[in-house]
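Step one of this worksheet: look at the structure below.
The values are calculated or read from the model by the stated rules, or taken from the named source; none is laboratory data. These numbers come from a predicted model, not from an experiment. Cβ placement follows ideal geometry from the backbone for every residue including glycine, while neighbour counts extend to all protein chains displayed.
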Amino acid sequence: MDRYELIDLTRRALKIATDRTTDMTASERRQPAAAYTDRDRFDRERELVRRAPQLVGYRSELPTPGTFCTKTVMDVPVLLTRAADGQVRAFQNVCAHRQAPVAQGCGEAERFVCPFHAWVYNNEGQYVGGPGQDGFPQTLRPGVGLTELPAAEHSGFLWVGLDPAAGPLDIADHLGDLGPELESWNIGNWAPIGEKVLDTQINWKFALDTFAENYHFASVHKDTFGLIARSNCALFDSFGPHHRLVFPLRHITDIAEQPEDSWEPLHNLAVIYALYPNIVLSATVANGEVFRVYPGREPGHSVTYHQNATPMDLSDEATRKGAGEIFEYAHATVRDEDYRLAAEIQRAMASGARAELVFGRNEPGLHHRHLAFDAALGDPLLHD
Ligand SMILES: [Fe+2]
């Protein structure tokens, strides 16, 4: 985002903070609990997510030719490489012999040796050698290798598709107007500081919903985020199926008397993107967080991969330690505050005690997300 756009957002954020209001929808929405508990609905959603382009990390995770990283996407083990030609490629991280993962973690490697029987692959996914070749006259033909997946590098992030036969990913089309905006943050070039996993008894959409409003900050996060950001005060803008929320920080009203030229927008805002269907991206002055939320084994199970990147130079130990502590703090807040409560809610919804939840006019991100799912799945569970 250029400075003009950031100043414009800051102006809008200052106005809602001063007026003690928030962006609103025209009316409330009654949301069926079944949207989070119904098996058939869940199965169709899993397929929807499986077919969608998946943001899986930062460009900076593959900084130079010869680097690689590994991911788990909807349970599929994925290996991403940057080969000598500079291109990002993705493969199922599954040996063609007995399906062991051929790579672990991330780093630099031009060859991957399967730990099971030492089949060797290059970073373009081709089988290049290994012991006992006489045993595999049918399999070891030219072209044998890891199964390649569609991959792209776009807007600073790494993307994969889970269907090997689906053809190239069109991320520019997927993101629309949001693509240049995401690129402008430069988050893709920030230093990645790890990945933490939350394997939870929460429906995947309910997990996403915890990021879609700040109405809960003063209660759920009263000793954490609520000390920094305002509650029930957010700007909402949609970009096709994606949306952006801007959370004004508590002290934003201090800039009201200062000239706009002197404003530091990122000292007064946090920006949260919901990238359809299952990614949350949070941008602040110090952190670029990615939450990849995947449907799990059943409607009430999901897995969240939480990554963070920082614009700080991590070459000295003290800065690295500080960045790690900030990440742990943000992660613990999601785990111990949002997700702990969400797991209780999931149990209540599964009990059938109450057929519906309510989305308020002050929760436009929730409305937008679920309207997008209803439209994509073709048969909203809404019954009014
Ligand atoms: Fe929260």
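Some values worked out for this structure:
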item	result
Among (1) within 16 Å of the ligand (Cβ to nearest atom); (2) surrounded by 14 or more Cβ atoms within 10 Å (Cβ to Cβ), the one test that Phe327 misses	(1)
Test: residue in segment 34-54 that is modelled with pLDDT of 95 or more, assigned to a strand (DSSP E or B) and crowded, with 22+ Cβ neighbours inside 10 Å	yes
Counted residues, segment 199-212 - those being under 15 Å from Leu245 (Cβ atoms) and either among the aromatic types (Phe, Trp, Tyr) or more than 16 Å from the chain's Cα centre (by Cα) (or both)	1
Failed criterion for Gly86 (all others in (1) in contact with a Leu (Cβ under 9 Å, 6 or more places away or on another chain); (2) over 18 Å from Pro192 (Cβ atoms); (3) small (Gly, Ala, Ser) hold)	(1)
Given (1) assigned to a helix (DSSP H, G or I); (2) more than 16 Å from the ligand (Cβ to nearest atom), index of the condition Leu162 fails	(1)
Selection status of Ala270, in contact with a Ser or Thr (Cβ under 7 Å, 6 or more places away or on another chain) and within 16 Å of the ligand (Cβ to nearest atom)	yes
Pairs where the first residue, in segment 329-353, is touching a residue at least 24 places away in the same chain (Cβ under 8 Å) and under 16 Å from Lys205 (Cβ atoms) and the second is within 14 Å of the ligand (Cβ to nearest atom) and in a helix (DSSP H, G or I), C-beta under 6 Å, 6+ apart	Ala342/Phe206
Some residue of segment 358-376 being of a type in the set (A, V, I, L, M), under 24 Å from Ser60 (Cβ atoms) and either within 16 Å of the ligand (Cβ to nearest atom) or under 17 Å from the mean Cα position of the chain (by Cα) (or both)	no
Subset of segment 60-81 (residues that are in a loop (DSSP other than H, G, I, E, B) and surrounded by fewer than 21 Cβ atoms within 10 Å (Cβ to Cβ))	Pro63, Thr64, Pro65, Gly66, Met74, Asp75
Residue in segment 350-364 that is nearest to Phe211 (Cα to Cα), counting only those that are outside any helix (DSSP H, G or I) and of a type in the set (A, V, I, L, M, F, W, C)	Phe359
Pairs, first in the same structural domain as Lys15 (by TED's automatic domain parsing) in segment 245-267, second of a type in the set (D, E, K, R) and modelled with pLDDT of 95 or more, C-beta under 6 Å, six or more apart	Pro248/Arg230; Arg250/Arg230
Scan of segment 196-230 for residues that are within 12 Å of the ligand (Cβ to nearest atom) and hydroxyl-bearing (Ser, Thr, Tyr), ordered by number	Thr210, Tyr215, Ser219, Thr224
Checklist (1) farther than 18 Å from Thr210 by Cβ; (2) of a type in the set (D, E, K, R); (3) surrounded by 16 or more Cβ atoms within 10 Å (Cβ to Cβ) applied to Glu337, failing item	(1)
